[in-house]
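*Asks:* Shown below is the structure under consideration.
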Amino acid sequence: MRHVALLCYERFQMNWSDEGIILSVRPHGETASVVELFTRVHGRHTGLVHGGRSRKNRPILQTGNHVDASWKGRLSEHLGHMTLELRTGYAAGAMDDAAALVGLTSMASLARLLPERDPHPNLYEITLFVLGFLDDSTVWPALMVRWELALLAELGFGLDLEACAATGSNDALIYVSPKSGRAVSASAGEPYRDRLLALPAFLLHGRRAGAGVTETDVMNGLKLSRFFLQQRIFTPRDLKLPEPRVRLETLLARG
């Protein structure tokens, strides 16, 4: 009977290995931690890390770090146990730049909007790309704007910035309609300019995020993504924008 029980246990044991980015860490009991990851294949996933609060594991279990993860649980819907090995310590690298650190935590807090265990490989790749530029303040703020728009698209609320909503032309696109989320040209939008959102040029198709992007461009981009995050995700759920995202815009506005 014991042998049969062991076979049944092994049959239903669930295991996987993946890479991921740490989104959050919270204490569990006296020594363990519950860690939430954004993984490449398994999406947003949590697991219990034994000894997560130990001196050895604390530097690894930091928001934004890139890790290798192994998860094991009796059933796939269980919390399960997780072991982690550090790949890249992005958290430590951002410690010397307050804005970069807030940008990292903002990205992690917004990524928690993704449905649990639903893979988003494209956004995962973009996230790693942004993290890799956190040491370059001339590049990452613009990349952060693109990341937030990519998140909106992954959640089903992508903007259409390819052509003017009124004329179908792709010339002189400088506005975005707050109602439709579509681009609007300078001529078509002129009578309504006070009611439209600014569309920075670096968000147009074929433009590079770091090529000639001004601080005004970045702030307009953040205002644009923030508006649609609030309108389409947070307000309908009666939620507020995460505090790190609010601070990010404040810090970057100060220059």
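The values are calculated or read from the model by the stated rules, or taken from the named source; none is laboratory data. Since the structure is predicted, the reported quantities are computational estimates derived from the model, not experimental observations. For neighbour counting, all protein chains shown are included, and Cβ atoms are generated from backbone atoms with ideal geometry for every residue, glycine included. Protein only, heavy atoms only, side chains kept; ligands, DNA and RNA dropped before computing areas. Shrake-Rupley method; radii C 1.70, N 1.55, O 1.52, S 1.80 Å.
*Asks:* So if I take the centroid of the Cα atoms in region 180-255 and the same for region 16-54, what is the distance between those two points in Å?
*Replies:* Cα centres, region 180-255 to region 16-54: 32 Å.
*Asks:* In debye, nearest 20: dipole of region 69-155 around its Cα centre with unit charges on the Cβ of K, R (+) and D, E (-)?
*Replies:* Taking the Cα centre of region 69-155 as origin, the dipole is about 340 debye.
*Asks:* Among 149, 37, 173, whose mean-square fluctuation peaks in a Gaussian network model of the chain (Cα, cutoff 10 Å)?
*Replies:* 173
*Asks:* Let me ask you something else. Could you give the spread of the C-alpha atoms of the chain along their three principal axes, from largest to smallest, in whole angstroms?
*Replies:* Cα spread of the chain along its principal axes, largest to smallest: 79, 39, 33 Å.
*Asks:* For every helix of n ≥ 4 consecutive DSSP H residues, a contribution of -39,500 (n - 2.57) applies; sum these over the chain, divide by its total residues, and give [θ] at 222 nm rounded to the nearest 500 deg cm²/dmol.
*Replies:* Counting only the DSSP helices, I get -10500 deg cm²/dmol.
*Asks:* When the convex hull of the Cα atoms of region 102-166 is projected onto a plane and the area is averaged over all directions, what value comes out in nm²?
*Replies:* Averaging across all directions leaves 5.3 nm² for the Cα convex hull.
*Asks:* So with the 1.4 Å probe, I'd like the accessible area per residue for region 35-187, rounded to whole Å².
*Replies:* I get 45 Å² per residue for this part.
*Asks:* Do you know the Lys pair count in the chain for C-alpha distances under 28 Å, with sequence separation 8 or more or different chains?
*Replies:* Here the count comes out as 4.
*Asks:* Ignoring ligands, DNA and RNA, what percent of the accessible area of the chain is carbon or sulfur (1.4 Å)?
*Replies:* 52
*Asks:* Same structure again: List the trypsin sites (Lys or Arg not before Pro) in region 127-197 that DSSP assigns to loop (not H, G, I, E or B) and whose Cβ has at most 14 other Cβ atoms within 10 Å. Which are they?
*Replies:* When the trypsin sites (Lys or Arg not before Pro) of region 127-197 are filtered for loop state and at most 14 Cβ neighbours within 10 Å, 179 remain.
*Asks:* By how many degrees, between 0 and 90 and to the nearest 10, does the Cα long axis of helix 2-12 differ from the longest principal axis of the chain?
*Replies:* Here the helix axis deviates by roughly 10 degrees.
*Asks:* With springs only between Cα atoms under 10 Å, which of 93, 29, 158 fluctuates most in a Gaussian network model of the chain?
*Replies:* Between 93, 29, 158, it is 29 that shows the largest mean-square fluctuation.
*Asks:* In debye to the nearest 20, how big a dipole does the chain give about its Cα centre with +1 on each Lys and Arg Cβ and -1 on each Asp and Glu Cβ?
*Replies:* Computed about the Cα centre, the dipole is about 680 debye.
*Asks:* Moving on to the next point. Please label the shape of region 131-255 as rounded, prolate or oblate, based on the square roots a ≥ b ≥ c of the eigenvalues of the alpha-carbon gyration tensor (a/c under 1.5 means rounded; beyond that, a/b larger than b/c means prolate, else oblate).
*Replies:* It is oblate, given that a/c is not under 1.5 and a/b is not larger than b/c.
*Asks:* With an 8 Å Cα cut-off and a minimum separation of 6 or more residues, compute the relative contact order for the chain in percent.
*Replies:* This gives 14 percent for the chain.
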